[in-house]
Amino acid sequence: MTTTATPALAPRTGAEVLDVAPVVPVVVVEEVAQAVPLAQALLRGGIGVIEITLRSAAGLEAIRAVAAEVPGMVVGAGTVVTPEQALAVTAAGASFVVTPGSPPRLVDAVLDLGIPALCGTGTLTEMLTLAERGLTAMKFFPAEVSGGAPYLSAVHGPCPQLRFCPTGGISPANAASYLALPNVGCVGGSWLTPKDAVAAGDWARVEALAAAAAGLRTAS
Ligand SMILES: O=C(O)C(=O)C[C@H](O)[C@H](O)COP(=O)(O)O
């Protein structure tokens, strides 16, 4: 059985992005025409958020298409690494941005634009540097090779104010160990949109993967 996600309000902060769904699908769209049916399949499966990366040439137009044509889907831009990209995806209608790291000029741009953001961190100093700027919700990347769930569990002791979207190496096999942590709001991952399924337009498979992911539970 599949569920239909209820229409989502645009998040006002990165913290609200963490609470839309237990899993944020991280998507590479090779052809703009794939974007809307892909997003609709995720939504039918019960996942009301999508991170479309700028890893492909079609990424920016895919964000624009989903923002305009898929009501109820919260569309974010991923792999944002420059201030110029942050500006471009905001203009294209992205509701939030995700950055793999937190270089100061990029964080400045995101704050100036006022767009909700999950900026990337891998160390305590990066995490606390973002918190100094008022950003207490953040991405932890690449999660598995940076210490995984035990690392985030250890961070929670001294820094209970920080909340995370770990991404990188997360799958149905280990997602629950992250989502059980009190400082994890959601996890990010590419497993909901396998390359071959997207290329073949196998939206039923994407919907089924989304439905399974939507059934994962967070600790809070
Ligand atoms: O593109 C970016 O900005 C990234 O930060 C990388 C993505 O988050 C990972 O590629 C997703 O990780 P996997 O689920 O292991 O495929």
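The values are calculated or read from the model by the stated rules, or taken from the named source; none is laboratory data. What you are looking at is a predicted structure, and each value in this text was computed from that prediction instead of being measured. For neighbour counting, all protein chains shown are included, and Cβ atoms are generated from backbone atoms with ideal geometry for every residue, glycine included.
Some notes on this structure:
- Members of the stretch 161-201 found to be of a type outside the set (Gly, Ala, Ser), surrounded by 14 or more Cβ atoms within 10 Å (Cβ to Cβ), farther than 28 Å from Thr129 by Cα and out of contact with any Asp or Glu (no Cβ under 8 Å at 6 or more places or on another chain), listed by number: Pro172, Trp191, Leu192, Thr193, Pro194
- Residue in the stretch 24-42 that is touching a Cys at 6+ places or on another chain (Cβ under 9 Å), within 13 Å of the ligand (Cβ to nearest atom) and at negative phi present: yes
- Qualifying residue in the stretch 95-102 (condition: among the polar types (S, T, N, Q), outside any helix (DSSP H, G or I) and either more than 19 Å from the chain's Cα centre (by Cα) or more than 16 Å from the ligand (Cβ to nearest atom) (or both)): yes
- Only a single criterion out of (1) more than 18 Å from Cys165 (Cα to Cα); (2) touching a residue at least 40 places away in the same chain (Cβ under 8 Å) is not satisfied by Asp19, namely (1).
- Complete set of residues in the stretch 45-58 that are touching a Ser or Thr at 6+ places or on another chain (Cβ under 6 Å) and within 14 Å of the ligand (Cβ to nearest atom): Thr53, Leu54, Arg55
- Contact map, the stretch 77-91: first residue closer than 13 Å to Ala67 by Cβ and of a type in the set (S, T, N, Q), second residue away from the ligand (no atom under 11 Å from the Cβ) and part of a loop (DSSP other than H, G, I, E, B), Cβ cut-off under 8 Å, separation 6 or more or different chains; pairs are Thr90/Ile115.
- When Ala137 is tested against (1) in contact with a helix residue (DSSP H, G or I) (Cβ under 9 Å, 6 or more places away or on another chain); (2) within 15 Å of the ligand (Cβ to nearest atom); (3) under 21 Å from Ala117 (Cα atoms); (4) not basic (Lys, Arg), only condition (2) is not met.
- Filter pass, Ala210 being within 16 Å of the ligand (Cβ to nearest atom), at pLDDT 95 or above, outside any helix (DSSP H, G or I) and closer than 23 Å to Leu42 by Cβ: no
- A single member of Glu61, Glu51 is among the acidic types (Asp, Glu) and without any contact (Cβ under 8 Å) to a residue 60 or more places away in the chain, and it is Glu61.
- Lone qualifier among Ala143, Ala131 - being touching a residue at least 24 places away in the same chain (Cβ under 8 Å) and within 16 Å of the ligand (Cβ to nearest atom): Ala143
- Filtered by the rule that a residue be within 16 Å of the ligand (Cβ to nearest atom) and surrounded by fewer than 16 Cβ atoms within 10 Å (Cβ to Cβ), the stretch 105-128 gives a lone residue, Thr123.
- The number of residues in the stretch 12-34 that are surrounded by 19 or more Cβ atoms within 10 Å (Cβ to Cβ) and outside any loop (DSSP other than H, G, I, E, B) comes to 8.
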